[in-house]
Amino acid sequence: MRWDTVAPSLRAPLERMHAALGAVFGDRLRAFVLYGEHAPASPTAAAGRHDLAAAPGPATTLALVDSLSFVDLEACAARLSALSRQLARGGLATPLILPLDEFQRSLDAFPLEYGAIVARHVVLAGEDPFAGVSIEPSDVRRACEVQAKSHVIHLREGYLESGAARAAVARLVAASAPAFAGLLANLARLEGVEPAGPDELASHAAAAAGISAALVRQGLDLRGNDRPPDAAADLYREYLAAAGRLSHFFDQWRSSQ
């Protein structure tokens, strides 16, 4: 196991989870993977690193297995339920458990979700399930377009439901900010860019899709704000236009490779 890339606070709960999965699947457990914000951004970033900066939210894991039956689910539910309090205290989410062949066949169906795992992970146990795995840019583009157009529809419907009341519109903008940030991150991924933080994310969105970097930063700053100031409603018009530009960008995007 590559514990040198795992924060010390996560090691014990990860060991418990791996042991519980191993007790159920035995040799059928092909790989146990830590992915997302708690995993190193790249093998280079992980080299020589003995701790990771604290990341928000629980750590996410993936278990790839040869087969997954209802009996396996029952056994996993029982074992993980017994560990639930320990895992919660350790900051671990419920693992994603998938048959390996299902994962490989579903890359085109979930290019954003599975692509994010491939892009940022560390294999803690077993073989590297991502060797030679690639996500087709055309699949990513299509998923991004669906996501962006859905976001525009959500913003329009939310505005109508708000009755144009400033406080309600401000909450709409704040509540949709995480999804908007996700769109911008997927925009960067589509173009092979890895922004180091909000400033680079905003700069890339401005350069690639003509979206105001200042608007992006204002929107990102609203994330997690349940009671945004009424002045946030003033962002809505430009925010909706930016979402529309993103939708058009994904619709027209063609790989330069």
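The values are calculated or read from the model by the stated rules, or taken from the named source; none is laboratory data. Source: prediction; values computed, not measured. Heads up, the Cβs are rebuilt from the backbone with ideal geometry, glycines too, and the neighbour counts pull from every protein chain shown.
Things worth noting here:
Rundown of residues vs (1) under 16 Å from T61 (Cβ atoms); (2) β-branched (V, I, T); (3) within 20 Å of the chain's Cα centre (by Cα), yes/no style:
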{"residue": "I97", "(1), (2), (3)": "yes, yes, yes"}
{"residue": "F103", "(1), (2), (3)": "yes, no, yes"}
{"residue": "S106", "(1), (2), (3)": "no, no, yes"}
{"residue": "E113", "(1), (2), (3)": "yes, no, yes"}
{"residue": "V118", "(1), (2), (3)": "yes, yes, yes"}
{"residue": "A125", "(1), (2), (3)": "yes, no, no"}
{"residue": "F130", "(1), (2), (3)": "yes, no, yes"}
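- Total residues in segment 84-97, condition crowded, with 18+ Cβ neighbours inside 10 Å and either under 13 Å from A12 (Cβ atoms) or free of Cβ contacts under 8 Å to residues at least 40 places away in the same chain (or both): 3
- Where a residue in segment 98-119 is assigned to a helix (DSSP H, G or I) and its partner, wherever it lies, is acidic (D, E), with Cβ under 8 Å and at least six apart: L100/D66; P111/E136; P111/D139
- In the set (1) in contact (Cβ under 8 Å) with a residue 60 or more places away in the chain; (2) surrounded by fewer than 17 Cβ atoms within 10 Å (Cβ to Cβ); (3) among the small types (G, A, S); (4) closer than 24 Å to L62 by Cα, the condition left unmet by A167 is number (4).
- Test: residue in segment 132-146 that is among the hydroxyl-bearing types (S, T, Y), out of contact with any Phe, Trp or Tyr (no Cβ under 9 Å at 6 or more places or on another chain), surrounded by fewer than 18 Cβ atoms within 10 Å (Cβ to Cβ) and modelled with pLDDT of 95 or more: no
- Meets criteria (modelled with pLDDT of 90 or more and surrounded by fewer than 17 Cβ atoms within 10 Å (Cβ to Cβ)) for I153: yes
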